[in-house]
Amino acid sequence: MENYRFFDVLNQNTMLVILCYVGDGDSNAFNTIIEKNVYGDQCSVTKLECIGHVMKRMGTRLRRLRVKMRGQKLSDDENPQHGFCPSDPDTWCKFKKAELLGSSFHNLPVAVVEAMGPIFKDLSHPDLLKKCLHGSTQNPNESVNNVIWTRVPKKTFVHIEVLSLGTYDATSTFNIGNVTKLQILKKLNIEPGDYTIQAMKQLDNERLIKVKYANLQKTKEVRKEKKDLKARGKMENLKIMWINLNMGQECFNGVRKRPSEIPCSCETLQLFQETSEGDPSNNNQNKKDENEDQSSKESD
């Protein structure tokens, strides 16, 4: 509905006509635009697919197929189908590359290919591929939204004047850079000083440096490693919580067990021992248990 209102406002207040609309496949915004017939009989809006969403469909549908076909037996016959793949030494096709190098290559079984065939045919349909020739995604739109929210937080209510000013500033900065503020000042008959000019140029240079640094292969690998470490830390926290819950259940039932007596994997037990080494309360409790055992033996 918001997209339709955007088209309607542009049609009423400006002479701008939007002929192509980039969106994902599960959005109803384009259907609303077609139903409302914003431009009448003058022209029609063409829907283009976001290539980012199309790329995700392959993995999503293959994962669904794996769950659906789980437990079913498939044959293991070989039937390579790489007739249209390039045969040069720098080819991206692993089968052709293995053929040139004289090494063996394991093909997918025929039954597996037949099961995945409808997915590949659906996503390689000419009508769908024509909508992806532009090579655009919705990422720029999401980036603009982020820039706007940094100036005008969406969780904070503001008046229309503040919202408009923040949107104008975010859009101009996103498209051209912070130097647009200098042009705005000149339009207002305000001559910016040297320090202002240097500051705006420095902000733009820092922005470009951050973008180049973020796109380096080494930076991407570091980000992936940090993400994996974060996920691993969450798993360790879950293991510790599981051990604590087991200990609490035993105490609630009136039977107190040591951590080594709780049924768990060796990895979980080692993790618990490592986390409890530096806790003085655990050491005191262990000494207390040893004293109780020794006193019971002496009494016997």
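Per-structure values
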| read-out | value |
| --- | --- |
| Among the residues listed as LEU19, LEU65, LEU48, the single one being under 26 Å from PRO140 (Cα atoms), surrounded by 11 or more Cβ atoms within 10 Å (Cβ to Cβ) and either modelled with pLDDT of 75 or more or within 32 Å of the chain's Cα centre (by Cα) (or both) | LEU48 |
| Sole exception among (1) over 25 Å from SER143 (Cβ atoms); (2) of a type outside the set (Phe, Trp, Tyr); (3) out of contact with any Leu (no Cβ under 9 Å at 6 or more places or on another chain) for SER172, by number | (1) |
| Tally, over region 168-183, of residues that are surrounded by 14 or more Cβ atoms within 10 Å (Cβ to Cβ) and more than 32 Å from the chain's Cα centre (by Cα) | 2 |
| Residue in region 191-201 that is hydrophobic (A, V, I, L, M, F, W, C) and within 26 Å of ALA29 (Cβ to Cβ) present | no |
| Positions within region 91-128 being modelled with pLDDT under 75 and not in a helix (DSSP H, G or I), in sequence order | SER104, PHE105, HIS106, ASN107, LEU108, PRO109 |
| Hits in region 145-182 - residues which are out of contact with any Asp or Glu (no Cβ under 9 Å at 6 or more places or on another chain), without any contact (Cβ under 8 Å) to a residue 12 or more places away in the chain, not aliphatic (A, V, I, L, M) and not in a loop (DSSP other than H, G, I, E, B) | ASN145, ASN146, TRP149, GLU161, SER164, TYR168, ASN175 |
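The values are calculated or read from the model by the stated rules, or taken from the named source; none is laboratory data. Computed from a predicted structure; not experimentally measured. Neighbour counts run over all protein chains shown; Cβ positions are idealised from the backbone, glycine included.
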